[in-house]
Amino acid sequence: MKHLALVIILISLSGLLMAQAKSTISDSYNAETARNYTRALQIMEEISAKDPDDAFYTLRIAWLQYLLGRYNDAIKNYTRSNNASSSLDAQTGILNCYLALGKWSDAKALADQILKSHPQNVVILGKAAYAAYMMQNYRATADYYLSILKITPWDMESLGYLVNNLYLAKDMDNAKKHFARLKKYYPDSPMVKEYNKLLGS
């Protein structure tokens, strides 16, 4: 009897220790902070297994898959999360994956769709501009930067990109106009140095 009681106590203690050893979402955050993305993802997958329809858990799994370069898996989970609870976070996550995969057309199309609901979002405008630039659609890229500058008119980096893309789009009149403004307010801009001979006269 004593032996049986001891076995029961040991089993109970083992179960208690196992329960205490279960990872929490905080452990996942800590693993991510330590750049141990594989462990952070493993923890989230364990947590999510008990609540598979949770939109945030799925979103976080997608984010960690993105950090690991597993972009197609991340797209699937960002989409699952967005379907469960529509969010700009999930939509931006899909957009980031398209950009990472070099799917410029898909990225631009998604960015345009997001901008219908969030026209003032300069982050999405910037990503749309990058996709358009990689497609060598310099006119569209310039238009995105014009939209950014309507929201943040003193963003000199965006002003420089606007000058660059207006020049590439062969819109010389507007390129010269915005170049003069850039040179006035940010004479050390790399774009001023690059285009001074071409647009500075």
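When you check Y78 against the structure, is it of a type outside the set (K, R) and more than 27 Å from D27 (Cβ to Cβ), yes or no?
Details: of a type outside the set (K, R): yes; more than 27 Å from D27 (Cβ to Cβ): no.
No; evaluated as a whole, the condition is false for this residue.
Would you please name the residue that is modelled with the highest pLDDT, looking only at residues in the range 47-97 that are acidic (D, E) and either farther than 24 Å from Y130 by Cα or surrounded by 21 or more Cβ atoms within 10 Å (Cβ to Cβ) (or both)?
D54
On the given criteria, is S14 part of a helix (DSSP H, G or I), of a type in the set (S, T, Y) and either under 14 Å from the mean Cα position of the chain (by Cα) or modelled with pLDDT of 95 or more (or both)? Can you show your working first?
On the way: part of a helix (DSSP H, G or I): yes; of a type in the set (S, T, Y): yes; either under 14 Å from the mean Cα position of the chain (by Cα) or modelled with pLDDT of 95 or more (or both): no.
Here the answer is no, as S14 does not meet what is asked.
State all residues of the range 35-57 that are in a loop (DSSP other than H, G, I, E, B) and closer than 21 Å to S85 by Cα; if no residue qualifies, say none.
Of all residues in the range 35-57, those in a loop (DSSP other than H, G, I, E, B) come to 35-36, 49-54.
Within the range 35-57, A49, K50, D51, P52, D53, D54 meet the criteria.
Please tell me if Y185 is more than 14 Å from the chain's Cα centre (by Cα), farther than 30 Å from G69 by Cα and surrounded by fewer than 19 Cβ atoms within 10 Å (Cβ to Cβ).
On the way: more than 14 Å from the chain's Cα centre (by Cα): yes; farther than 30 Å from G69 by Cα: yes; surrounded by fewer than 19 Cβ atoms within 10 Å (Cβ to Cβ): yes.
Considered against the rule, which asks whether it is more than 14 Å from the chain's Cα centre (by Cα), farther than 30 Å from G69 by Cα and surrounded by fewer than 19 Cβ atoms within 10 Å (Cβ to Cβ), Y185 comes out as yes.
Are any residues in the range 174-189 within 14 Å of D155 (Cα to Cα) and in a helix (DSSP H, G or I), and if so, which ones?
The answer is H178, F179, R181, L182, K183, K184, Y185.
For I75, indicate whether it is outside the structural domain of A31 (by TED's automatic domain parsing) and either β-branched (V, I, T) or touching a residue at least 60 places away in the same chain (Cβ under 8 Å) (or both).
On the way: outside the structural domain of A31 (by TED's automatic domain parsing): no; either β-branched (V, I, T) or touching a residue at least 60 places away in the same chain (Cβ under 8 Å) (or both): yes.
So I75 does not fit the description; no.
Suppose we keep only residues that are in contact with a helix residue (DSSP H, G or I) (Cβ under 8 Å, 6 or more places away or on another chain) and part of a loop (DSSP other than H, G, I, E, B) within the range 70-102. Which one would you say is farthest from R60 (Cα to Cα)?
Across the range 70-102, the extreme among qualifying residues is G102.
Hey, can you tell me all the residues within the range 160-173 that are aliphatic (A, V, I, L, M) and part of a helix (DSSP H, G or I)?
L162, V163, L166, L168, M172
The values are calculated or read from the model by the stated rules, or taken from the named source; none is laboratory data. Computed from a predicted structure; not experimentally measured. Glycine gets a Cβ as well: all are built from the backbone with ideal geometry, and neighbour counts include every protein chain shown.
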